[in-house]
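Here the structure comes first, spelled out in structure tokens, and everything after it is commentary.
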Amino acid sequence: QVQLVESGGGLVQPGGSLRLSCEVSRNIVSIYRMGWYRQAPGKQRELVATVTIIGVTNYADSVKGRFTISRDNAKNTVNLQMNDLKPEDTAVYYCNALNFGIGSWGQGTQVTVSS
């Protein structure tokens, strides 16, 4: 079982930036896919961005051009750089690890975009 711990959330004004980090309890170099998802109040959890073992990335249309996902295999972390944040980005953000068809989740970190 992979343990995931998110950090970096907080309150930011519209147009601002945040960088989320996900610390993984094991070497991630062999984990097939790492990703970030989010869940806003009253809504289902949705994909934000993923990155595969060979570095292929995928983004939700709503965040393309604003968010960047990266994986640091040396530090066993996955980061999400979020720029030009909007109020609709407000949600709990969850880190996910997918390997051999098994997914693991972190506890989440709150991101609030408000003036």
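The values are calculated or read from the model by the stated rules, or taken from the named source; none is laboratory data. The structure displayed is predicted, hence computed values, not measured ones. Here the Cβ positions follow ideal geometry from the backbone for every residue, glycine too, while neighbour counts run over all protein chains shown. Protein only, heavy atoms only, side chains kept; ligands, DNA and RNA dropped before computing areas. Shrake-Rupley method; radii C 1.70, N 1.55, O 1.52, S 1.80 Å.
Just add up the charged neighbours of N99: K/R +1, D/E -1, any other residue whose Cβ is under 14 Å from the Cβ of N99.
Once positives and negatives cancel, what remains is +3.
According to a simple spin-label model (label point 7 Å from Cα along Cα-to-Cβ), what is the distance in nm between T52 and Y32?
1.0 nm
If you find the alpha carbon centre of the range 58-99 and of the range 1-44, how far apart are they in angstrom?
Rounded to whole Å, the Cα centres lie 6 Å apart.
Suppose each label sits 7 Å from its Cα in the direction of the beta carbon; what would the Q13-D72 distance come out to in nanometres?
Simple spin-label model gives 2.8 nm for this pair.
Under a crude label model (7 Å from the Cα following the beta-carbon direction), how far is Q39 from S25 in nanometres?
Spacing of the two 7 Å Cα→Cβ label points: 2.0 nm.
Taking every pair of Cα atoms in the range 7-48, average 1/r, invert it to obtain the Kirkwood radius, and report Rg/Rh to two decimals.
1.04
In square angstrom, rounded to the nearest 10, how much accessible surface does K75 have for a 1.4 Å probe?
Taking all protein chains as shown, K75 has close to 150 Å².
Checking the cross-link filter: which lysines have an alpha carbon closer than 30 Å to that of K43, excluding same-chain neighbours under 8 positions apart?
Result set, ordered by chain and number: K64, K86.
Counting only C-alpha contacts under 8 Å and six or more residues apart, can you give the relative contact order of the range 30-87 as a whole percent?
With pairs under 8 Å counted, the relative contact order is 25 percent.
With an 8 Å cut-off on Cα pairs and a minimum separation of 6 or more residues, tell me the relative contact order of the chain in percent.
37 percent
Any chance you could list the semi-axes, whole Å, largest first, of the equivalent ellipsoid that the Cα gyration tensor gives for the range 61-115, using √(5λ)?
23, 14, 11
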